[in-house]
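One structure below.
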Amino acid sequence: MDRGSGRPLRADAQRNRDKILAAAVRVFTEEGLDAHFERIAKEAGVGSGTLYRNFPTREALIEAAYRNELAQLCDAAPALLAAMPPHEALRAWTRHFMDYATAKFGMADALQAVVGSGANPYAESHRMIQTALTSLMDAATAAGTIRPDINPTDMFAALTGIALTSAKPEQRDQAERLLDLTLDGLRGGAEQTGRGC
């Protein structure tokens, strides 16, 4: 979407914007607030003018990069449910959640600067994640592949706990084990009631 007019961006402009946002996450994760726009533009394969045209301030770029990561996470839920059985979609989505958490952890200082400037990049994040997780868990519950007594709020708390302890890239193996442990616990009740996978 064009920021000024509300019109959809041309395909090439949208591609450039997407490349800038992906590069911004990588660079802010590596360099924090010291990241230079020129490095982000180079990493994205665009000119500095293109970057500044899309994101005139550092705060605008940081907030947009975070919101893009959030949107990718939440948009993945229906696509995964369309492509695989619900319990597999839930498992795959938890890996996307860890990618999101890793990016958010890496950008923590940059995001704090945005909050300090008066913006709230997190305003809709909890609701959006809960909605995506609810759709996945409802589908898996209806299929009889997870316990019906665990609600999405509990699952979100478990995922948040894993993210808080294991969101750094070098902790990914531990995060994977903890996700498997949590998901196996979700399926345990379904199997005990004779509704296993």
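Add -39500 (n - 2.57) for each DSSP H run of 4 or more in the chain, then divide by its residues: what number comes out at 222 nm, to the nearest 500 deg cm²/dmol?
Numbers: 9 runs with 146 residues, N = 197.
Helix contribution divided over all residues of the chain: -24500 deg cm²/dmol.
Treat each spin label as a single point 7 Å out from the Cα along the C-beta direction, and report the residue 48 to residue 88 distance in nm.
Rounded to a tenth, the inter-label distance reads 4.9 nm.
Ranked highest first by average number of other Cβ atoms within 10 Å, how do 117-125, 102-110 line up?
Working: 117-125: 13.6, 102-110: 20.1.
Going by the mean number of other Cβ atoms within 10 Å, highest first, we get 102-110, 117-125.
Explain nothing, just the number: dipole magnitude of the chain about its Cα centre with +1 on each Lys and Arg Cβ and -1 on each Asp and Glu Cβ, in debye rounded to the nearest 20. Walk me through the intermediate numbers first.
Working: 22 positive and 25 negative charges, 105 e Å.
Around 500 debye, computed over the chain.
Which residue, chosen from 55, 148, 126, occupies the Cα position most advanced towards the positive end of the dipole of the chain, where the dipole is computed from +1 (Lys, Arg) and -1 (Asp, Glu) charges on Cβ about the Cα centre?
Toward the positive end, the furthest listed residue is 55.
Could you line up 39, 15 from fewest to most neighbouring Cβ atoms inside 10 Å? Don't jump to the answer; show the numbers that get you there.
Details: 39 16, 15 13.
Going from least to most buried by this count: 15, 39.
Suppose the chain between residue 173 and residue 143 were pulled fully straight at 0.36 nm per residue; how much longer would it get relative to their current alpha carbon spacing? Kindly include the intermediate steps, with their values, before the conclusion.
Working: separation 30, 0.36 × 30 = 10.80 nm, distance 2.89 nm.
Once the chain is fully extended between residue 173 and residue 143, it gains 7.9 nm.
Net charge near residue 129, counting Lys/Arg +1 and Asp/Glu -1 over other residues with Cβ under 14 Å of its Cβ? Show your work: numbers first, answer last.
Working: positive: 67, 104, 127; negative: 69, 75, 99, 124, 154.
Local net charge: -2.
Per residue, how big is the convex hull around the C-alpha atoms of the chain? Give it to me in cubic angstrom, could you?
Dividing the Cα hull volume of the chain by its residue count gives 127 Å³.
Readers should treat all values here as calculations from the given coordinates under stated rules, not as data from a laboratory. Source: prediction; values computed, not measured. No Cβ is skipped: glycine too gets one built from the backbone with ideal geometry, and neighbour counts run over all protein chains shown.
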